[in-house]
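Some notes on the structure that comes next.
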Amino acid sequence: MWCRKLVGLLEIPGWLRGSSGRCPPWLPHHRRTTLAAAAHWHHTAPESLKCAWQLHGDHLELRYRDTLMRFDFVWLRDHCRSASCYNTKTNQRSLDTASVGLDIKPQAVRVDETTLFLTWPDGHVTRYGLEWLVKNSYEGQKQQVMHPRILWNAQIYHQAQVPSVDCQSFLKTDEGLKEFLQNFLLYGIAFVENVAPTKEDTEILAKRVSLIRETIYGRMWYFTSDFSRGDTAYTKLALDRHTDTTYFQEPCGIQVFHCLKHEGTGGRTLLVDGFYAAEQVLRQAPEQFELLSKVPLKHEYVENVGGCHNHMIGVGPVLNVYPWNNELYLIRYNNYDRAVINTVPYDVVHRWYTAHRTLTTELRRPENELWVKLKPGKALFVDNWRVLHGREAFTGYRQLCGCYLTRDDVLNTARLLGLQA
């Protein structure tokens, strides 16, 4: 359908083409441009279809390589990268967007093999590289992935044989840190081996990649089965798969776990790639995926234990996607902390429960469960926006330490090392 539409756009009225199929040479150049813009596509070369453009009343239509793009005239003026409009030293816009007339139109348009040139009514000239336009257009973004990932179940992860990174390599070399971050970005989990089993050494590890996020649980925390906080995690009970801090307006991005001691049995950690499960829902029941991505829910944490008094409420759908390409970026799934459903009308509730059941079925498939026995010296980093965690019941004394990391700083560290994040 897209190709058929494009062929229609490329057709030129016979009276304008003449016998040669081109605009008559007797027309003045500016008149030929005006007529051509109204009637057909311009090309960078007579026989080339690499790039073509067409002016409309309020936008420019540009086809380059295999991408058909549409640019509003105000957008084209606002994003000018000339020295007077954009500070390349600070990578910040200098142009006052509010000063651009909403009815602005270019006086002249020219395209060569690599660049689009626009001349505005005040004589200002804007230049855009065609590759830059493809990368930064809405249509180009729809075709791109913001965060490259490898979705996994237990078999896929085991077959990948993702290596752990040695603590000293992680702390002292960019190569070790980069390998760790690449694993983390692709799989949503990563391990560091040979860490001294103390809270202080775990903190040093965490600060290598990010600032530590202080929450109602503090910065670095211990937890054991002493029920010192009003949370099931502080017991010996099994924990079903879930993401943490769903009751925050912005759930914590990364969680660090380090088992310092366990004198007993059980207690294995469960990991499930929530994005893999959601992808199965998208394939099997896209309408249910859409419902889970649009219906807002409340999650809450109510605590009145000892001196701790908290009532946290976070709001958001179970699945969070970028609207331009439907790429999933956050899953908010915690059956323990989901509050009363009072944000959904009655005629949607049952359909939401059906969609939630479909997702839960995928999350609970045994083949999607990765079980790991955390031991002293092996620290685990979990992408809390993607990977659900849980544990089996245990006996004896089990002590873990950990923290939450600021997501922006982890991604910043990865970008500084040349990774796409």
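The values are calculated or read from the model by the stated rules, or taken from the named source; none is laboratory data. On a predicted model such as this, the values are computed, not experimentally measured, just so you know. Cβ placement follows ideal geometry from the backbone for every residue including glycine, while neighbour counts extend to all protein chains displayed. Surface areas here come from the heavy atoms of the whole protein model, side chains and all, with no ligands, DNA or RNA. Shrake-Rupley method; radii C 1.70, N 1.55, O 1.52, S 1.80 Å.
Miscellaneous remarks
- For Trp324, the solvent-accessible surface computed with a 1.4 Å probe is close to 70 Å², ligands and nucleic acids excluded.
- Surface composition of the chain: carbon and sulfur atoms hold 52% of the protein heavy-atom accessible area at a 1.4 Å probe.
- Heavy atoms of Ile204 accessible to a 1.4 Å probe, total area in Å² rounded to 10: 100
- Computed over Cα pairs, the Kirkwood radius of the chain leads via Stokes-Einstein (0.890 mPa s, 25 °C) to a diffusion coefficient of 97 µm² per second.
- Only the Cβ atoms of Lys and Arg (+1) and of Asp and Glu (-1) were treated as charged; on that basis the dipole of the chain about its Cα centre amounts to roughly 680 debye.
- Among Tyr322, Tyr222, the sequence by solvent-accessible area, most first, with a 1.4 Å probe is Tyr222, Tyr322.
- Cα-centred dipole magnitude for region 51-143, charges only on beta-carbon of K, R (+1) and D, E (-1), debye, nearest 20: 260
- Largest to smallest accessible area among Arg415, Arg357, Arg213 [probe 1.4 Å]: Arg357, Arg415, Arg213
- Since only Ala98, Thr114, Gly57 are under comparison, the one whose Cα sits farthest along the positive direction of the charge dipole of region 51-143, derived from C-beta charges on Lys, Arg, Asp and Glu, is Thr114.
- Net charge of Cβ neighbours under 12 Å - reference Gly316; Lys, Arg +1; Asp, Glu -1: +3
- Take Glu290: with every protein chain present and a 1.4 Å probe, its accessible area is about 90 Å².
- Sequence-separation-based contact order of the chain, relative, with Cα cut under 8 Å and 6+ spacing, percent: 19
- Taking Ala196, Ala98, Ala154 in turn, the Gaussian network model of the chain (Cα-Cα springs below 10 Å) assigns the largest fluctuation to Ala98.
- Farthest toward positive dipole pole in region 154-417 [+1 Lys/Arg, -1 Asp/Glu at C-beta], among Val348, Leu186, Asn334: Asn334
- Gain upon complete extension [Thr354, Ala238; 0.36 nm per residue less C-alpha separation]: 39.2 nm
- When Thr202, Thr224, Thr88 are compared by accessible area at a 1.4 angstrom probe, the order from most to least is Thr88, Thr224, Thr202.
- For the chain, the solvent-accessible area with a 1.4 angstrom probe is 50 square angstrom per residue.
- Working ranking of peptides 271-284, 391-404, 301-314 by packing, defined as the average number of other Cβ atoms within 10 Å per residue, highest first, is 271-284, 391-404, 301-314.
- Packing rank of 237-244, 113-120, where each peptide gets the mean count of other beta carbons within 10 Å, highest leading: 237-244, 113-120
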